[in-house]
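Below is one structure; the comments refer to it alone.
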Amino acid sequence: MRPIWTGAIGFGLVNIPVKIYSATQSSSLDLDMLDKKDHSNINFKRVNQSTGKEVVWSNIVKGYKMPNDEYVILEPKDFERASAKKTKTIEITEFVDEKEIESVYYESPYYLEPDKSGERAYALLREALNKTKKVGIATFVMRSKETLAILKANEKVIILNRIRFEEEIRDASELALPAKAQIKANELKMAVSLIEQLSGKFDISKYKDTYSEELMKVIKAKAKGVKIKEPKLKIVHGKTKDLMDQLKASLNTKRKKAS
């Protein structure tokens with residue numbers, strides 16, 4: 001793995017030199033974009049709007065458009081000048097219970113790896129997070145953007161999870177949502193029973209990206225010239241529209257599978 005950011009964790013007066021690595025990788029198939037006519041690869045180019053000529057990465061700079069339509073060009077050092085500390089330090093400002101953070105705020109997970117000089121302090125923070133069952137709230141700048149994040153630990157690694165700012169979340173009040181009063185007490189009791197019957201200990205290994213596997217089967221079949229049947233998908237709404245009857249049928253189906 002290659003680090004995507006290098007700096008330090010700021011933990012009180014303790015600084016822990018770290019590198020950030022992406023914790024995820026795509027499980028989807030790598031599909032190329034092709035011209036429908038001759039199946040040639042499609043390339044995307046960075047083109048100068050004035051000349052129509054392609055521009056290489058080394059000649060591309062970032063700029064901010066002013067009200068008079070002129071650009072202020074920003075050099076790499078300008079981002080550090082805005083806040084040298086934030087560009088180099090993941091500053092933990094407070095510790096909270098993770099359950100207080102709604103899932104809608106979560107964005108991307110990363111691994112934090114300490115430099116040799118910070119191994120002891122890294123281990124100390126990791127064990128303290130595990131013992132208190134807290135997560136640290138931190139801010140820093142990555143790729144010229146202010147980032148809000150939480151730092152949590154498992155037995156081996158401190159995980160940094162980028163989370164969204166409050167202003168980035170849309171207000172759900174704009175949606176047409178049903179009121180609690182529409183639900184009957186016996187329906188709620190039955191729904192809770194169904195949830196309890198379907199409850200278990202979370203095991204991520206039980207869940208696989210089966211769509212990519214099935215898509216690969218289609219690709220291999222087409223490569224062999226096999227004619228593939230068109231699937232017919234029907235959305236089944238149940239034999240009855242009565243919610244209570246649907247819940248009872250769901251519970252009975254689960255019981256039959258278990259016996």
Lys189 fails exactly one of (1) part of a loop (DSSP other than H, G, I, E, B); (2) at pLDDT 80 or above, namely (1)
Selection over region 59-106 where residues are exposed (fewer than 14 other Cβ atoms within 10 Å of the Cβ), β-branched (Val, Ile, Thr) and part of a helix (DSSP H, G or I) yields a count of 1
When every residue in region 157-186 that is acidic (Asp, Glu) and in a helix (DSSP H, G or I) is compared, the one farthest from the chain's Cα centre (by Cα) is Glu174
The correct count of residues that are closer than 22 Å to Ser103 by Cβ and touching a residue at least 40 places away in the same chain (Cβ under 8 Å) in region 143-165 is 13
- Item | Test: Gly238 is on the phi > 0 side of the Ramachandran plot, in a loop (DSSP other than H, G, I, E, B) and at pLDDT 80 or above | no
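The values are calculated or read from the model by the stated rules, or taken from the named source; none is laboratory data. Being a predicted model, the structure only gives us computed values, none of them experimental. Positions of Cβ are generated from backbone atoms using ideal geometry, with glycine treated the same way; all protein chains shown enter the neighbour counts.
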